[in-house]
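The values are calculated or read from the model by the stated rules, or taken from the named source; none is laboratory data. Here the structure is a predicted model, which is why all the values come from computation and not from measurement. When we count neighbours, we look across all protein chains shown, and the Cβ atoms used for this are built from the backbone with ideal geometry, even at glycine. For the accessible areas, the whole protein counts, side chains as well, though only heavy atoms, and no ligand, DNA or RNA atoms are used. Shrake-Rupley method; radii C 1.70, N 1.55, O 1.52, S 1.80 Å.
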Amino acid sequence: MAVSDRSAPKVLARIASVSRIEEERGAGIACQVDVEEAVGLMRQIKALERGAQRRRD
């Protein structure tokens, strides 16, 4: 999931509060990664936005 750096702490806190990441082996991880530059993200972001819009409709 891509979120702004200002939103990341709240998103990670929410993931921690509703998931069992710390309790269950194999439940996954959540982390914040600072991305300075990337290639190929725009198509992915647009697809995510379309999916989010469909769920709202």
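Summary of values
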| quantity | calculated |
| --- | --- |
| Residue in the stretch 18-35 that is modelled with pLDDT of 85 or more and part of a helix (DSSP H, G or I) present | yes |
| Checking K10 against (1) part of a helix (DSSP H, G or I); (2) surrounded by 11 or more Cβ atoms within 10 Å (Cβ to Cβ), the condition it does not meet | (2) |
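One line per residue, one yes/no per condition, for (1) open to solvent by less than 80 Å² (accessible area, probe 1.4 Å); (2) aliphatic (A, V, I, L, M); (3) in contact with a strand residue (DSSP E or B) (Cβ under 7 Å, 6 or more places away or on another chain):
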position	(1), (2), (3)
M1	no, yes, no
D5	no, no, no
I15	yes, yes, no
V18	no, yes, no
G28	yes, no, no
G40	yes, no, no
Q44	no, no, no
R54	no, no, no
